[in-house]
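Each remark here refers to the structure printed beneath this line.
The values are calculated or read from the model by the stated rules, or taken from the named source; none is laboratory data. As the structure is a computational prediction, the values presented were derived from the model and not from experiment. Here Cβ is always computed from backbone atoms with ideal geometry, including for glycine, and neighbour counts include all displayed protein chains.
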Amino acid sequence: MEPFEEIPQKYKEICDTLKNTTIKEKYFDAFSEYINNTIKKDGKILLIGSGRMESICEIASLFFSAKDLRNIYCSSDSSYPKKIKEKDTVIAVSGSGSTDRTINKLYPAIDAEANIIGITANKNSELSELVSEKDNLLILLDGKHKEYDDTYYERQINGKHNPLNLEGTEIELNTLLFFTNYFGSEETGRTPTEFHKSFCETLCSYTPDPTEFIKAYELLPEVTDFEKQIYSLNKTITVGEGLSGKMSDLFRIRLGHCAKKNQERRVESYKTANSIKEGDTVFIFSVSGEGLPYKYAKKSKTKDANIISITSENSPLDKISDSVIHIPNREEKKGKGEVYHIQPNPEKCLPEYIALLNSECFVYSTVNYENLEESDLKYHHSDFT
């Protein structure tokens with residue numbers, strides 16, 4: 001299981017990449033000005049994205065809410081406003097800058113002459129053009145996008161493909177990093193660059209145990225292989241609440257891509273999955289390992305499901321799981337009246353970020369262990385997000 005044995009090095013590689021990422025200070029200054037002006041005018045802040053980018057928008061909305069701000073909405077919300085007004089600010093996030101669902105959500109904001117912030121890796125995209133036309137704020141971050149990757153088309157023509165690497169998720173992690181640095185700077189009074197440095201150094205101080213990942217992988221259900229006529233009825237169900245839930249959503253989408261073209265890996269959210277069957281795997285993200293995630297684990301045990309958890313050592317969830325990837329615990333507990341744990345300062349949420357990077361390492365190792373290629377993952381990517 002060599003790819004899994006390399007997880008400590010892979011984790012360090014991801015941390016070093018994030019640490020060495022440079023985001024212009026002027027972007028944070030302009031972003032802060034847009035947000036503050038919107039709050040002063042009692043306008044709405046709306047975040048729109050698709051797929052994993054929508055999950056990152058949900059994470060940003062959690063941090064906005066942790067600051068006790070009202071009028072924060074995400075494109076995934078059923079309460080997303082019917083009408084956008086001129087005093088509102090819409091934050092549109094798309095790595096390629098051409099995601100249909102995101103662009104479609106942006107047009108009402110353009111019609112209303114609302115403030116628009118576009119975050120993308122593609123300066124020549126439709127999103128970039130729409131934002132620039134109205135003299136709004138365009139934030140360009142590092143990251144690969146297939147529209148202008150010449151080597152991608154060359155590989156397609158030649159039938160050659162690369163295994164999964166960090167480039168495929170770089171723009172997503174950098175977008176999350178932008179929001180993290182913004183909120184961290186706002187809460188600590190440090191510059192975004194200063195916060196970025198200390199935050200990434202703390203992430204780098206953690207070292208994952210590869211044996212925990214190997215055991216977790218061995219508990220994943222078998223993929224359905226149409227060519228070999230192996231029809232697996234079992235699925236992986238991801239579980240998480242609050243910020244841990246958003247990290248589990250990012251993982252769920254990535255893990256679902258991990259299959260060859262003639263295969264299918266069933267990965268579902270606990271919110272939409274059907275009943276648990278014997279042999280299913282329930283993959284739980286929870287720092288405290290208490291509350292609802294723990295209750296779901298106990299319920300899953302009665303159905304003879306396998307329990308994999310990313311949780312802190314000696315937590316209730318740790319003690320009943322079949323496999324555990326351990327992350328640090330936190331000192332702060334959920335406050336009185338709080339539905340879930342979220343702090344305005346991302347430094348107080350480091351365990352969730354470590355859980356996310358661990359899940360990225362898990363996917364990377366799964367891809368390499370199963371000899372999957374770039375074309376396999378792209379084949380399973382959603383056509384709509």
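Can you tell me which residues in segment 36-68 are without any contact (Cβ under 8 Å) to a residue 60 or more places away in the chain and touching a helix residue (DSSP H, G or I) at 6+ places or on another chain (Cβ under 7 Å)?
Ile45, Leu47, Ile48, Gly49, listed by residue number.
Of everything in segment 131-190 that's over 23 Å from Glu347 (Cβ atoms) and small (Gly, Ala, Ser), which residue is modelled with the lowest pLDDT?
Filtering first and then ranking leaves Gly159.
Please give the strands (runs of 3 or more DSSP E) falling wholly within segment 219-292 in which 1 or more residues are among the acidic types (Asp, Glu).
Passing ranges, in order: 267-269.
Quick one: which residue in Asp29, Asp16 is in a helix (DSSP H, G or I) and within 30 Å of Thr366 (Cβ to Cβ)?
The conditions single out Asp16.
What single numbered condition from (1) at pLDDT 95 or above; (2) surrounded by fewer than 20 Cβ atoms within 10 Å (Cβ to Cβ); (3) among the acidic types (Asp, Glu) fails to hold for Glu222?
Result: Glu222 fails condition (1) only.
Return yes when Ala297 is surrounded by 13 or more Cβ atoms within 10 Å (Cβ to Cβ), touching a strand residue (DSSP E or B) at 6+ places or on another chain (Cβ under 8 Å) and in a loop (DSSP other than H, G, I, E, B) and no when it is not.
Here the answer is no, as Ala297 does not meet what is asked.
Going by the structure shown, is Ser94 in contact with a Gly (Cβ under 7 Å, 6 or more places away or on another chain), under 26 Å from Glu347 (Cα atoms), crowded, with 22+ Cβ neighbours inside 10 Å and not charged (D, E, K, R)?
Spelling it out, Ser94 is indeed in contact with a Gly (Cβ under 7 Å, 6 or more places away or on another chain), under 26 Å from Glu347 (Cα atoms), crowded, with 22+ Cβ neighbours inside 10 Å and not charged (D, E, K, R).
For the list (1) farther than 21 Å from Gly256 by Cα; (2) part of a loop (DSSP other than H, G, I, E, B); (3) in contact (Cβ under 8 Å) with a residue 24 or more places away in the chain; (4) of a type in the set (Asp, Glu), I need the number of the one condition that Glu331 fails.
Of the numbered conditions (1) farther than 21 Å from Gly256 by Cα; (2) part of a loop (DSSP other than H, G, I, E, B); (3) in contact (Cβ under 8 Å) with a residue 24 or more places away in the chain; (4) of a type in the set (Asp, Glu), the odd one out for Glu331 is (3).
Quick one: Ile342 ticks every box in (1) among the β-branched types (Val, Ile, Thr); (2) within 19 Å of Leu220 (Cβ to Cβ); (3) touching a residue at least 60 places away in the same chain (Cβ under 8 Å) except a single one, so which number is it?
Unmet condition: (2).
Kindly provide the set of residues from segment 39-55 that are in a helix (DSSP H, G or I) and surrounded by fewer than 21 Cβ atoms within 10 Å (Cβ to Cβ), ordered by number. Give the derivation first.
Pass one, segment 39-55, residues in a helix (DSSP H, G or I): 39-40, 52-55.
Result: Ile39, Lys40.
Check Phe64, Phe31 and return the single one that is hydrophobic (A, V, I, L, M, F, W, C), in contact with a strand residue (DSSP E or B) (Cβ under 7 Å, 6 or more places away or on another chain) and farther than 21 Å from Met247 by Cα. It would help to see each step written out before you state the result.
Details: Phe64 fails: farther than 21 Å from Met247 by Cα.
Step by step, each of Phe64, Phe31 is checked, and only Phe31 is hydrophobic (A, V, I, L, M, F, W, C), in contact with a strand residue (DSSP E or B) (Cβ under 7 Å, 6 or more places away or on another chain) and farther than 21 Å from Met247 by Cα.
If the requirement is being surrounded by 16 or more Cβ atoms within 10 Å (Cβ to Cβ) and of a type in the set (Ser, Thr, Tyr), which of these qualifies: Ser79, Ser75, Ser65, Ser32?
Criteria check complete, one pass: Ser75.
Could you tell me how many of the residues in segment 101-141 are in a loop (DSSP other than H, G, I, E, B) and over 20 Å from Thr385 (Cα atoms)? Can you show your working first?
Restricting attention to segment 101-141, the residues satisfying the condition of being in a loop (DSSP other than H, G, I, E, B) are 112-114, 121-125, 134-136, 141.
Add one more test, that the residue is over 20 Å from Thr385 (Cα atoms), and what stays is 112-114, 134-136.
The total comes to 6.
Given the options Thr17, Thr22, name the one that is under 30 Å from Thr202 (Cβ atoms) and modelled with pLDDT under 95.
On inspection, the qualifying residue turns out to be Thr17.
Within segment 75-92, take every residue that is over 19 Å from Glu186 (Cβ atoms) and not in a loop (DSSP other than H, G, I, E, B) and give me the one that is farthest from the chain's Cα centre (by Cα).
Taking the candidates together, the pick is Val90.
Output the number of the condition that Pro351 fails; it satisfies all remaining conditions of (1) touching a Ser or Thr at 6+ places or on another chain (Cβ under 8 Å); (2) assigned to a helix (DSSP H, G or I); (3) more than 26 Å from Leu69 (Cβ to Cβ).
(3)
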